[in-house]
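Scroll down for the structure; my scribbles are underneath it.
The values are calculated or read from the model by the stated rules, or taken from the named source; none is laboratory data. Because the structure is predicted, anything quoted here is derived from the model rather than measured. Ideal geometry is used to build each Cβ from the backbone, glycine not excepted, and the neighbour counts take in all protein chains shown. Surface areas here come from the heavy atoms of the whole protein model, side chains and all, with no ligands, DNA or RNA. Shrake-Rupley method; radii C 1.70, N 1.55, O 1.52, S 1.80 Å.
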Amino acid sequence: MLAIDKPEGWTSHDIVAVVRGVLGTKRVGHGGTLDPQASGLLPVLVGPATKFADRIHEAAKVYDALVRFGAETATDDREGVVTREATVPMLAAETIGPALAALRGVISQVPPQYAALKVSGRPAYARARDGETVALAARTVQVFRLDVIEISPPDVRLLVVCSSGTYVRAIARDVGRALRSAAHLAALRRLAVGALDVRDAVTPDHLRARGRDAKALIRPANDDLLTLDPRFFERSAGTIVGAGESV
C-alpha cells in the first residue's frame with residue numbers, strides 16, 4: 001500500500017493512473033474515494049493488496065474541514081448551486097458547542113443528494129443531475145470527535161474523526177441547520193485513514209521523481225494499518241493541524 005497526498009483538483013482515479021505508470025503495474029486501486037475538490041491522504045493498493053480494499057475502507061478517518069455559513073448548496077459543498085441562504089449566526093465556541101455535541105457519537109445521518117450511493121441501481125448523484133429529487137435513507141455512522149480548530153466568520157474550521165461511511169459534507173449541512181442558519185463544506189483535507197498519515201504521504205510529483213524506486217515506499221497491507229494514531233484523540237484540534245491550540 002502507498003500513502004499518497006492527493007492535490008486538490010485531482011480525482012482518485014487520476015492518482016491510480018499515476019501509480020500505474022510509475023510502478024509499471026496495472027493492478028492498482030484506491031482505498032477510499034476523495035472528491036476532486038478535497039485534498040489529502042489517499043491509500044493506494046498495489047498488486048495483491050487490492051484484496052485489502054474492503055478492510056481499509058472500514059478504517060476510521062480524520063479530516064480538517066472548513067464549514068462556511070450563509071448558504072446551503074445542492075451538493076452540500078462549494079461545487080453545488082446555492083439552494084438556500086440564511087443569516088450567518090453568532091459564531092463563537094459557546095454557540096457552536098451544543099450543535100457539535102448533537103453530531104458526536106453514533107448518529108443517524110442523511111447522505112447528500114449528490115452521493116455515490118445507489119438508488120434502484122443508479123448512483124444518487126446521477127439521478128440528482130437528471131433533476132430527480134432522491135429521498136435517501138438515513139444511515140447510522142459514528143463521529144468519534146468533532147471539535148473546533150478555529151473560527152473566522154463566516155467560516156468555522158473543524159477536526160472530524162469519524163467512521164467509514166460518514167459524509168463530512170452532511171456534517172457541514174447539519175451544523176448549519178442546528179444553528180438555524182445554512183452552511184456547506186468549503187474545503188476538506190483528509191489527514192489519516194487508519195494508521196496511514198498524510199504526514200508520511202508523498203505527492204504525485206514526488207512519486208514520479210522517484211520512478212521505479214518508488215516501490216521502496218510500499219507498505220505491507222495488513223490489519224496494523226487499521227488503527228488510528230492516538231494523537232487524533234488525545235491532542236488539541238489546533239495542535240493536530242498545526243494551527244496552535246484549538247478554540
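Quick one: Karplus J couplings for region 225-231, per residue in order, coefficients 6.51, -1.76, 1.60, θ = phi - 60°, nearest Hz, x for Gly and Pro?
Per residue, the Karplus-derived 3J(HN,Hα) values read 7, 8, 9, 5, 4, x, 4 Hz.
Only Lys, Arg, Asp and Glu count, each charged at its Cβ (+1, +1, -1, -1), so figure out the dipole size of the chain about its Cα centre, rounded to 20 debye.
That gives a dipole near 760 debye.
With unit charges on the beta carbons (Lys and Arg positive, Asp and Glu negative) and the dipole taken about the Cα centre of the chain, which residue among 102, 148, 40 sits farthest to the positive side?
The residue sitting farthest along the positive end of the dipole is 40.
Using a ≥ b ≥ c from the Cα gyration tensor of region 153-247 (square roots of the eigenvalues), is it rounded, prolate or oblate, where a/c under 1.5 gives rounded and otherwise the larger of a/b and b/c decides, a/b for prolate?
Judged from the Cα gyration tensor, region 153-247 comes out prolate (a/c at least 1.5, a/b above b/c).
Calculate, in nm to one decimal, what residue 37 and residue 164 gain on full extension: separation in residues at 0.36 nm each, minus their alpha carbon distance.
43.8 nm
Using a 1.4 Å probe over the heavy atoms of the protein chains, calculate the carbon and sulfur portion of the accessible area of the chain as a whole percent.
Numbers: 5700 of 11470 Å².
Carbon with sulfur: 50 percent of the solvent-accessible area.
Between residue 199 and residue 177, what FRET efficiency follows from the Cβ-Cβ distance if R0 is 41 Å, with the result rounded to 0.05? Show your work: numbers first, answer last.
Numbers: r = 34 Å, r/R0 = 0.82.
E(calc), rounded to 0.05, equals 0.75.
Pairs of Cα atoms under 8 Å, at least six residues apart: use those to get the relative contact order of region 1-79, whole percent.
This gives 31 percent for region 1-79.
Assuming 0.36 nm per residue, please report the length gained on full extension of the stretch residue 213 to residue 26 beyond their Cα-Cα distance.
65.6 nm
Among all lysine pairs in the chain that are eight or more places apart or on different chains, how many have alpha carbons less than 24 angstrom apart?
Close lysine pairs found across the chain: 10.
Between residue 236 and residue 101, what length comes free when the chain is fully extended (0.36 nm per residue of separation minus the Cα-Cα distance, one decimal in nm)?
Taking 0.36 nm per residue and subtracting the Cα distance, the gain is 47.0 nm.
Return one number: the angle in degrees, 0 to 90 and rounded to the nearest 10, between the long axis of the Cα atoms of helix 168-178 and the longest principal axis of the Cα atoms of the chain.
The helix 168-178 is inclined about 10 degrees to the chain.
What order do you get for 173-181, 10-18 when each peptide is scored by the mean count of other beta carbon atoms within 10 Å, highest first?
Averaged packing, sorted descending, gives the order 173-181, 10-18.
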